[in-house]
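What follows draws every value from the coordinates through simple rules; no lab data is involved. This structure is a prediction, so every number in the text was calculated from the model and none was measured. Neighbour counts run over all protein chains shown; Cβ positions are idealised from the backbone, glycine included.
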Amino acid sequence: MSRSAVCQVGEGAGVPVRIVIDSHVVGVSKPDARIFDFGLAAFTEFDRSRIAYVGDSVTMDIGGARNAGLVPVLLDPYDDHAGADFYRVKSLLELLS
């Protein structure tokens, strides 16, 4: 991964993060698994099958997470996808419980 492809490493505006990836900078976007590879390079101490990716789009986020070998979690506050074959949460706070 080239440093020019990374938009941010380290703490952001009040939020501690390891890395931020911009699809316009790296040239690929979700659901292409390659965009996840840029981010996963900052988490080499974890196997990707143990990393959850939370998003609100079945096509882009759930599909992308699956393509990258991650555990997909859908933010589904209105229970629109009951019975789906992936994890769902109604709020980000639910991830903490």
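Some points to look at:
- Dimensionless Rg/Rh of the stretch 34-75 - Kirkwood Rh, Rg from C-alpha atoms: 0.95
- With the simple spin-label model, which puts each label point 7 Å out from Cα in the Cβ direction, the Tyr78 to Asp56 separation comes to 1.1 nm.
- Prolate/oblate/rounded call for the stretch 3-96, Cα gyration tensor, a/c under 1.5 rounded: prolate
- Backbone N within the stretch 38-52 under 13 Å of label point (7 Å from Val25 Cα along the Cβ vector): 38-39
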